[in-house]
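Everything on this sheet refers to the single structure shown next.
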Amino acid sequence: LHTPSPTTMALKGGDIEQHNDAKSCWVIIHVFELPFSSFFNLVIAKNPLKGKAYDVTEFLPEHPGGSKIILKYAVSNMTLSGQLQFASHSHFILLQGKDATEEFEPIHPPDTLDKYLDKSKHLGHVDMDTVAKEVKEEDPEEAGRLERVDQKPLLSQCYNLLDFEAVARRVMKKTAWGYYSSAADDEITMRENHSAFHRIWFRPQVLVDVENVDLTTTMLGTKCSIPFYVTATALGKLGHPEGEVVLTRAAHTHDVIQMIPTMASCSLDEIVDARRGDQVQWLQLYVNKDREITRKIVQHAERRGCKGLFITVDAPQLGRREKDMRTKFTDKGSSVQSGQDTDTSQGAARAISSFIDPSLSWKDVPWFKSITKMPVILKGVQRVEDVLRAVHAGADGVVLSNHGGRQLDTARSGIEVLAETMPILRARGLQDRIEVFVDGGVRRATDMIKALCLGARGVGIGRPFLYAMGAYGQEGVERAMQLLKDEMEMDMRLIGCASVQDLNPSLVDAKGLFSHSNSTPVDALSHSVYDPLVPPAQRPK
Ligand code: 173
């Protein structure tokens, strides 16, 4: 078996097939462009795919999803698409066979393999006509889903952000819904995030001239049309074949800021390239155990124009999301490498999160400040003590967040932490030293306004835009944003404020916010497992 020179040889499928075990494993990666607004299966049928082969033998043991899954595809002759990403020891690869596209493309931005796999492992192009075709298995649930897609409500029938969630639940692929909608353990924090807003009541002021209402504000020095930003959410291509760039385009339409996730399906460059005009983006950062990788990501993002660095600090380990675990990426028991476990049991996110450094600590904050001029914001702060620490560590901001309820279940809502934080910052004269953001559970403009009244600069919104994107694409996201603007304009009039600067704590009653004794969500899990005593139909005589 020879190693062909990358430049001169077009490999044949047969060449690759021989390298199908842990001793020598070659894979074929398809690189192809997705035409605008097509779906995977159509795209694959229409576009002749171009293959590139890689030798991933040495990488097998490092693959966060286990080596078995790679070998499975190597053996079954399916093509793989991979991408090395920010994993432990420099990279991870994921695969994309013809029928694995939907499962694996979301996890692998298109530039990763070329970027991170040593050039000597790039074997060259493959003549795809010589590669055996894999017959796609029928997914028994797909027909039903397509029917629901056909029957989904008109976009104009969606009147609020929760409507998109209801539609998305019916029309999204199960893996996408499982991954996006899941949260940690009993999902109590996720529900609390939204219901906490219901424990805040307005104290509107009357007889204020609100003919013209100004919703604009600035966040980290950037002017934007309304005080929310699209927060970072991973794996955008699970919900839409084009992924995060759809959010970029909608954010441009509405002049709102987008936070780019480390774990995007699109590459950072693709998301940056999708920017128009003076549109502003921030970078959300997962810190790699290998700080050189992190430094490269940060400095690359800065060179490409990102205007803020949001370091996620609430995820030294990813929370258990059981819904996601149940709709995990399946490696249906191939046994090509006996003795080596494939850890696909933990759901989409956990399988690919092993690169995150659990040793990240306050000691690291100065280093981040030293490698970038972007403002540094800590995302996922959950108590006032840590807000104060962030100020003293020189952070430019914090996001009071519990990661959409996806990390520590029964952690408090961001809005509650905000109400705890701001009076103390004010008492110490620190309120202008940092910008305070909140995310989690924002579904209505009233939620956003409450956060602003309590002192937030802006709020992050994540899932609702994914649902809007999954259900209706870019138009859906744009409508979701428009609905928030419409709601906010009306709410501002009704509370008696003509501009965002006028929002202040006297306009809300948040006394009940700290009470955790009511509104505990029904513990659905234990309810449905518990079999109550059923009285006999007829009492024995
Ligand atoms: O919440 C998440 O799912 C998340 O943040 C994540 C982290 C690492 C990989 C994928 C997703």
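Computed from the coordinates by the stated procedures, all read-outs in this text should not be read as laboratory data. In this text, all values refer to a predicted model and were calculated from it rather than measured experimentally. A quick note on method: Cβ atoms are made from the backbone with ideal geometry, for glycine too, and the neighbour counts reach across all protein chains shown.
Here are a few things to note about the model shown:
- Taking the Cα centre of the stretch 390-528 as reference, the dipole from Cβ charges on Lys and Arg (+1) and Asp and Glu (-1) amounts to some 200 debye.
- Interchain or long-range residues, amide H under 5 Å from I226's placed H: T217
- Note on the stretch 378-490: dipole from Cβ charges, positive end direction compared against P464, M481, L388; the farthest Cα belongs to L388.
- Cα-based Rg of the stretch 125-272 normalised by 2.2 N^0.38 Å, two decimals: 1.41
- If you plug the beta carbon distance of S506 and Q538 into 1/(1 + (r/R0)^6) with R0 = 45 Å, you get a FRET efficiency near 0.10.
- Each principal axis of the Cα atoms in the stretch 192-339 has its own extent, and those three values, largest first, are 75, 40, 30 angstrom.
- Full extension of the segment from A10 to D273, taken as 0.36 nm per residue of separation minus the current Cα-Cα distance, would add 91.5 nm.
- Full-extension gain in nm, S359 to H392, via 0.36 nm per residue minus C-alpha separation: 9.9 nm
- Among 501-513, 349-361, the peptide with the highest mean count of other Cβ atoms within 10 Å heads the list, and the full ranking is 349-361, 501-513.
- Given in Å, the Rg to one decimal and the Dmax to the nearest whole number for the Cα atoms of the stretch 263-333 are 15.6, 50.
- For the stretch 462-476, backbone nitrogen atoms closer than 15 Å to the point 7 Å from L162 Cα along Cα-to-C-beta are found at 464.
- Eligible aspartates and glutamates near K373 by straight Cα distance, threshold 20 Å, same-chain separation 8 or greater: D269, D278, E292, E302, D364, D396, D432, E435
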